[in-house]
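The values are calculated or read from the model by the stated rules, or taken from the named source; none is laboratory data. Keep in mind the model is a prediction, meaning the values are calculated, not measured. Here the Cβ is made from the backbone with ideal geometry for all residues, glycine too, and neighbour counts use every protein chain on show.
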Amino acid sequence: MAEKLRLIKKYPNRRLYDTRTSTYITLTDVKALVLHHEEFQVVDVKTGEDLTRGVLLQIILEEEAGGAPMFTSALLSQMIRFYGNAMQGMMGKYIEGNIKAFSEIQAKFKEQEHLLQGEHPAMSSDLWAQFLSFQGPAMQNMMGAYMEQSQKMFQQMQDQVQGQTRNLFAGFKFPNFVAPEEAGKTSEKK
């Protein structure tokens with residue numbers, strides 16, 4: 001029988017208490033739970049509010065400050081621009097889908113590594129290094145094609161939303177608003 005969701009209580013003194021082990025834990029321990037694919041929830045002990053996302057964001061902040069950041073300033077700036085945008089809800093699902101696809105690719109490579117190394121990992125580590133050196137350019141091309149396809153899909157999705165919005169509001173007259181198609185026609189007449 002599967003165990004219930006692991007409950008971690010957060011106290012006002014900012015300490016985290018793991019109810020499964022009956023011990024206080026740190027963010028490093030919570031990170032270990034994530035790495036081991038353990039399902040858990042962090043709740044405020046007084047209010048019962050779910051604090052899981054906030055704790056996960058804290059872990060990401062610590063990792064980003066740790067020396068080898070994953071997110072560039074340009075990427076973070078772009079993500080901030082999506083907050084409050086009509087595409088905000090879709091962006092989260094888009095990023096989640098891309099990370100899931102990337103994880104699946106990574107799992108396939110790990111499976112290939114295990115098949116290549118077999119029962120003698122020490123003996124075949126050189127073979128694996130050679131395999132990766134040959135596969136590096138292929139992997140870069142594959143990821144480049146994936147990112148290009150992903151970008152096109154997102155652009156199509158954005159175009160569809162804009163088209164639906166234009167159709168929805170086509171009958172309304174807005175003062176000082178010129179539709180993009182009409183703006184092009186008026187500039188051609190001049």
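Looking at K93, K31, just one residue is part of a helix (DSSP H, G or I) and in contact with a helix residue (DSSP H, G or I) (Cβ under 6 Å, 6 or more places away or on another chain), and that residue is K31. Applying the criterion of being of a type outside the set (K, R) and in contact (Cβ under 8 Å) with a residue 12 or more places away in the chain to the residues of segment 18-32, the residue that is nearest to Q58 (Cα to Cα) is L27.
Pick from segment 57-79 the residues that are of a type in the set (V, I, T) and surrounded by 10 or more Cβ atoms within 10 Å (Cβ to Cβ): which of them is nearest to the chain's Cα centre (by Cα)? So, considering only residues that are of a type in the set (V, I, T) and surrounded by 10 or more Cβ atoms within 10 Å (Cβ to Cβ), the one nearest to the chain's Cα centre (by Cα) is I60.
Report yes if Q78 is over 27 Å from V42 (Cβ atoms) and not in a loop (DSSP other than H, G, I, E, B), otherwise no. For Q78, the condition - over 27 Å from V42 (Cβ atoms) and not in a loop (DSSP other than H, G, I, E, B) - is met. Taken over segment 64-101, the criterion of being among the aromatic types (F, W, Y) and free of Cβ contacts under 8 Å to residues at least 24 places away in the same chain is satisfied by F71, F82, Y83. Here R53 meets the list (1) in contact (Cβ under 8 Å) with a residue 60 or more places away in the chain; (2) under 16 Å from the mean Cα position of the chain (by Cα) almost entirely, failing just condition (1). A single entry from E188, E113 fulfils the requirement of being at pLDDT below 75 and surrounded by 12 or more Cβ atoms within 10 Å (Cβ to Cβ): E113. Restricting to segment 15-36, count the residues that are farther than 22 Å from P69 by Cα and either among the β-branched types (V, I, T) or loosely packed, with under 12 Cβ neighbours inside 10 Å (or both). Looking only at that region, the number is 5. The numbered conditions (1) out of contact with any Phe, Trp or Tyr (no Cβ under 6 Å at 6 or more places or on another chain); (2) surrounded by 12 or more Cβ atoms within 10 Å (Cβ to Cβ); (3) part of a helix (DSSP H, G or I) are all true for V42 except (3).
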